Structure formats: C-alpha cells, structure tokens
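Structure record follows, encoded as structure tokens.
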Amino acid sequence: MKNIRMVINANDKTGHINRELYGHFSEHLGRCIYNGIYVGEDSPIPNIHGIRKDIIEAFKAIELPVLRWPGGCFADEYHWKNGIGDKSKRAKMVNTNWGGVTEDNSFGTHEFMELCELIGCEPYIAGNVGSGTVRELSEWVEYMTFDGVSPMADLRRENGREQPWKLKYLGIGNENWGCGGNMTPDYYVSVYKQYATFCKNFGGNRLYKIACGPSGDDYNWTEVLMKNLRVNYCWQADGISLHFYCVPEWSNKGKATEFTDEDYYTVLSTAARIDTMITRHSQIMDRYDPEGNVALIVDEWGTWFDVEEGTNPGFLYQQNTMRDAIVAALSMNIFNRHCGRVKMANIAQVCNVLQAIVLTEGEKLVKTPTYHIFDMFKGHMEGDCVYCWSDNEQVGGKALSMISSSASVKEGVLTLTAANLSLEEDAEISCELCGFEGKTVTARILTGEVHAHNTFDEPENVTIKPLEAEIKDGKVTFRLPACSAATVEVR
C-alpha cells in the first residue's frame, strides 16, 4: 500500500474543459458502420431508420458530444453524392483502405446527420481533399447548411430534408501527410487555404474549420502550418488536428487480451508520450498564436492491437480490457490538463473498431471497459479545470507515474478523476482541498484484473461500482486499488 498525498486548488483555474474533449470517431471501416451502428430498416434488431436503438441509448447515456465521420483514410476517397437519394440507386465503391470490400453507400449524409440528431451530438464532417475537388466539398457544405434556393439546397429537399442541418465542425482533409495524399506540409497548407476559402458560412451556420495537423511528434508539420495559416492577420483555421496511437512497435502490436506485465507498462508509457507531444506542439502554436485562437484537435487517439483471430485483418476488430480502460483514463486526464489549447479529442473508434466503446454481434451489444471510463469522466464536461497535484512515484521500471489525475469545478461540484497505473500496489489517497468547501462526497470505481474484459456471454465482467470515500477537515480520502480508475465528486 502506497500513501499518496494530493492537493487540489479550486481557485487556480487552468482552462475550460469543452464537452468535445470526450468526442468520438466513426469510419466506414470493418463493422463500425454496417452491422454495427447501422443494420438497415429491414433488420429484426430494433432500429430507427436502420440505426440501432441500443447504440443510440448507449451513446446518449455517456452524453456523447461530437462524432467524426466518414473517416479516417476513407474520408479522402469518399464522394458524398454517391451517398444520397434512393438507396437502391446509390453508386457502389470499393473500400480500398479497409479490406477491399464493396461499399454500397446506404449510410450517407442523411443517415449520419439523423444519427447525430438522435444522439444529441455535434456532427464533425471530414472532407475529401485527397481525391476530391474544391467544388465537391463546397457543394457538400451548401447541401447541408444552406436554407435558400440553390442547386444543392434544392437537391437536399428532393431527398427529403426541407430544413438545413447545423454543421459546426468541418475537417478539411485527413492525414494528408499519409493516406490523404502523401503531401508535404508546405503543399498541404496551400491546398488547405484554397479549400477553406470556398467552404462558406450560410445563414446562421458558422463553420469551425480544422486543418490536417501532424502525426505524433512531427513538429515541423505544426511549424509550417502555424507559419502559413494566417492571411492578412486573420487565421484561416480554427483548429489543427493531431493523430497519435499508443503503439510501441508497429510490426509487433501484440494481442488485445494476451500480454505480459511488461507489455502493459510499455503501452501505458507510450500512451503517456502524448503529454510531451501536446506540450511541444502547443509551444510552437504559442509562438505564432499567443492568444490561443487556433485549437489543437486530437481527433484520432487510442490503442491499436492485432485483430482478433478469425476476423478480417482489414476490419481492425479488437477486444477491450482493463488495460484499454487505464489508457483511456490516462489520456483523458492529460487532455483535461491541456484544455487551454486542446478543445476536442476523438477516440478511435466508436463501435467494433480499435479501442471501441461498444462491440456488437447480431442483436447483442457489449459496453467495453473504455465505455465506462467515458461514463465516469462526463462530469468534467464544461467544467473549469483546476490545479491538481499528487505526490507520485514511477512504476513498471519506466518513466511512468503511478497516479494519473485531473480535477474540475462546475456548478458547485468538484470532480476528481484518478487512475492507479500500478499492477502491484494499491494507493491510499489523501486529497487536500483548497478554495472549495465540500460537505458530501460520492465516488465510483472501475477496477479488475488487467486482462479482464466484457464478452457477449458475460457482458458485465467489468462494470462501474460504488467506491467508499470520506471528507473530513477539508480532506477527501479513498483507496485506489491497483489497475483502477475512479471518479470522486465533492459537493
């Protein structure tokens, strides 16, 4: 047992935690969309216009704030006009990035926007720059958001949608340093500005334009973008993206459920690297944009392991254990601490792909350990992040702190999220509160053996449970077992 002292100073506000910091990502990849979110209107599985009802309810329960679509690498080969109108007449295509399967485009713009309306989340559209045209993307924006008389607005009405949708988030390209065109940053930033110029604001709709940012620690990409994204003293982008998967070795990713303690600590220490990456990218952005006008958007992050045996290698289907949950808690605490610059993050992916929050098989749905982390962190949404310190030590023989934490205050409630990354030692937490007078405390915990996961036969192996916590003389105390994450709320 380790005795860990923590201090929270509610008077020291470090930034605002946007709801979108707990965002998600959906791609036409494997069974994320088809036989995942979307089963078709004729399916015996309960659905609303083909969208699974149980998925809608699961996403609503965690207050899913924003959903990115249609990719990913798929976005830069997606032509939106193939996904509108009579489904029987929609053009088919080959999904060359993910398994070479035929995409029938039965899930398109109308279906995605309805999904977002059913969930109550913001849509985040990733536009095609790699194989598309400026006109194609500008017409898509017009189709979705223009309320007047025009060819695209009239086409939307012909397809059954009278009123335009509200679209805030628009990504202009995806991974254009790789699958989105293998571009140099100098070339991409010129292309970006051309596309951004013709993606217009219609009526009361205001686009939040996101440029393709760096992969991991490519600091030169950020440097080039920030140097060139301002024209006549005006920023041409509201945010730049960052993609990072905590994969220690791409040629040997390992299995999702079979791993050693050393493997666990290696993945966690790799995940923790995003703290340094965000810091260094932010320092570059601060030089050009000290006012913080341009946000850092971590719109792809998470674990990436070998696919489950017997599944299509191009579908990226993997199980989800307590290890994934601890990665999620560690990552989200880091995002909270950087909320001054990081305004959105989107885990990859929402269903049946990579670090999914739900898995489906026929009529069955499983909420993964990662899902439960999002459930426990939602109390931070729209709160003010405050100073949170812990007396820490390294674990696993690596530069990895035992305790990961962050805290926020909102509407008279102080929320603390803490994870114990150790596999060997429990932690007795004593947290001193400064600038906040709490009278009552409630807590929840997610814990279990590190390989523990939920299956379709045993969907509740890993679930959130109550945690005993006390408050006395301005201190909150609770025990954090090895390999666990907890949420403590003080009122």
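The values are calculated or read from the model by the stated rules, or taken from the named source; none is laboratory data. Values in this document were obtained by computation on a predicted structure and should not be read as measured data. Backbone-built Cβ (ideal geometry, glycine too); neighbour counts: all protein chains shown.
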Counting only residues that are assigned to a helix (DSSP H, G or I) and acidic (Asp, Glu), the range 83-138 contains a total of 4
Being charged (D, E, K, R), in the same structural domain as Trp301 (by TED's automatic domain parsing), more than 30 Å from Asp473 (Cα to Cα) and assigned to a helix (DSSP H, G or I) is the requirement here; does Glu27 meet it? no
For the range 95-122, pairs from a residue that is within 20 Å of Tyr208 (Cβ to Cβ) and not assigned by TED's automatic domain parsing to the domain that holds Gly314 to a residue that is aliphatic (A, V, I, L, M) and part of a loop (DSSP other than H, G, I, E, B), with Cβ under 9 Å and 6 or more apart or across chains, are none
> Do we find that Thr303 is within 14 Å of the chain's Cα centre (by Cα) and farther than 21 Å from Cys388 by Cα in this structure?
Replying inline: yes
Exactly one of Glu103, Glu139 is within 25 Å of Gly314 (Cβ to Cβ) and buried (at least 17 other Cβ atoms within 10 Å of the Cβ), and that residue is Glu103
Exactly one of Gly50, Gly71, Gly30 is in contact with a helix residue (DSSP H, G or I) (Cβ under 6 Å, 6 or more places away or on another chain) and either closer than 15 Å to Ala345 by Cα or touching a residue at least 60 places away in the same chain (Cβ under 8 Å) (or both), and that residue is Gly30
The condition from (1) without any contact (Cβ under 8 Å) to a residue 12 or more places away in the chain; (2) assigned to a helix (DSSP H, G or I) that Glu41 misses is numbered (2)
Within the range 226-262, the residues that are at pLDDT 95 or above and at positive phi are Gly254
Of the listed residues (Tyr265, Tyr188), the one being crowded, with 17+ Cβ neighbours inside 10 Å, out of contact with any helix residue (DSSP H, G or I) (no Cβ under 7 Å at 6 or more places or on another chain), hydroxyl-bearing (Ser, Thr, Tyr) and within 20 Å of Tyr288 (Cα to Cα) is Tyr188
